[in-house]
Amino acid sequence: MKSLLRHPIVSSLLGYVIWSYMVLCARTIRWTVEGEAGFRDAWKADHGLIVAAWHSRVLLLPTIWSRVARKLPEKAYPTSMLISLSRDGEAVAKAIEHLGLDSVRGSSTHKRKRKDKGGVAAIAETSRRLRSASVVCITPDGPRGPAEQVQPGPVLLAQRTGAAIIPYALAVKPVWRLDTWDRFMIPIPFSKGAMVIGDPVLIEKGGDADAGRAATQAAMDATYERAQTLAGATGREDMT
């Protein structure tokens, strides 16, 4: 089964299905949006943007692109998403290509693993884009968690490149949850949803990385709490 999922034809078909579902959800969910004006202002700044959202919301991440960012001025690089080199990541990478987004393949976290998983190349390419004041979407708890806990990678990228971290929260009610490490969300079309874009988190280049990580975690938690409130969603209300 694993080799089948890695087949180019199969991954292309999966990418098309995922893209179709992403578009369906983005267009049919009844969205309440907060923070759009602040995001537009951040977009105009002369530094890069790390748009940070939890891994469980991957199917909803392009919503900010289709509803807000698509019509904003072009950057040196197209808006991109950091995606792992896993077989699941291949399908997601193909899906976002249909949306006109770039993918950077690799992982910026879990440095203790024996295999690099494309991490060095991914960090180099992501840094290049951020230093040119472009925008990269990252799941700061991915690719393997712990769920909804900011890992060091995005904070270190922000320190090295001068990019601002933008907390990006998505909540939907009702929603299906898979039995995975992050309780991956399958959003339901025509449901109620909230998209909240938080204020930029700036990490000083010579500052304390742990403090920057704590600040980012607090900002992510606050933004997601607001989105949950707007959507009328709680963990207990999720469908499994």
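The values are calculated or read from the model by the stated rules, or taken from the named source; none is laboratory data. If you're wondering where the values come from, they're calculated on a predicted model, not measured in any experiment. Positions of Cβ are generated from backbone atoms using ideal geometry, with glycine treated the same way; all protein chains shown enter the neighbour counts. Accessible surface is based on the protein model in full, side chains and every heavy atom, while ligands, DNA and RNA are left aside. Shrake-Rupley method; radii C 1.70, N 1.55, O 1.52, S 1.80 Å.
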- [ ] Distance from a point 7 Å along Cα→Cβ of I9 to each backbone N in segment 59-101: keep the residues under 20 Å and list them by number.
- [x] 87-88, 90-92, 94-95
Open item on the list: Run lengths n ≥ 4 of DSSP H only: what is the helix-derived mean residue ellipticity at 222 nm for the chain, with -39500 (n - 2.57) per run over all residues, to the nearest 500?
Closed with: -12500 deg cm²/dmol
TODO: Would you work out if the chain is rounded, prolate or oblate? Take a ≥ b ≥ c from the square roots of the eigenvalues of the alpha-carbon gyration tensor; rounded if a/c is under 1.5, else prolate when a/b is larger than b/c, oblate otherwise.
DONE: rounded
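Compute the length gained on full extension between H98 and W176: take 0.36 nm times their separation in residues and subtract their Cα-Cα distance, giving the result in nm to one decimal.
25.6 nm
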Task: 13 Å beta-carbon shell around W181, net charge (K/R +1, D/E -1) - done: -2
Open item on the list: Output wanted: per-residue J couplings in Hz (rounded whole) for segment 156-171, from phi through Karplus 6.51 cos²θ - 1.76 cosθ + 1.60, θ = phi - 60°, x for Gly and Pro.
Closed with: 5, 4, 5, 4, 6, 10, x, 6, 8, 8, 9, x, 10, 10, 9, 9
Task: Cα centroid separation, segment 1-70 to segment 210-229 (Å) - done: 20
Task: At R0 = 45 Å, FRET efficiency that the Cβ-Cβ distance of T28 and A218 yields, to 0.05 - done: 0.85
Open item on the list: Quick query: amide H of E34 versus all other amide H atoms, modeled in the peptide plane; which residues come in under 5 Å with a sequence gap of 5 or more or a different chain?
Closed with: M195, V196, I197
Open item on the list: When a/c reaches 1.5 or more, the comparison of a/b and b/c decides; with that in mind, is segment 11-111 rounded, prolate or oblate per its Cα gyration tensor?
Closed with: oblate
Open item on the list: What does the C-alpha gyration tensor say about the overall shape of segment 170-218? Classify as rounded when a/c is under 1.5, otherwise prolate if a/b is larger than b/c, or oblate.
Closed with: oblate
Task: Phi to ³J(HN,Hα) by Karplus 6.51 cos²θ - 1.76 cosθ + 1.60 over segment 50-65, Hz, x for Gly, Pro - done: 9, 7, 10, 9, 5, 4, 5, 9, 3, 5, 9, 4, x, 4, 5, 6
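Could you state, as a whole-number percent, how many of the C-alpha pairs of segment 137-195 are farther apart than 13 Å?
So the pairs more than 13 Å apart make up 68 percent of the total in segment 137-195.
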- [ ] Give, as a single signed number, the net charge of other residues whose beta carbon lies under 14 Å from the beta carbon of G207, with Lys and Arg counted +1 and Asp and Glu -1.
- [x] 0
- [ ] Determine the share of the chain's accessible area contributed by carbon and sulfur atoms, expressed in whole percent, with a 1.4 angstrom probe.
- [x] 55
Open item on the list: With θ taken as phi - 60° and the coefficients 6.51, -1.76 and 1.60, list the Karplus ³J(HN,Hα) couplings across segment 36-49 in order, rounded to whole Hz; mark glycine and proline as x.
Closed with: 5, 5, x, 5, 4, 5, 5, 4, 6, 5, 8, 10, x, 10
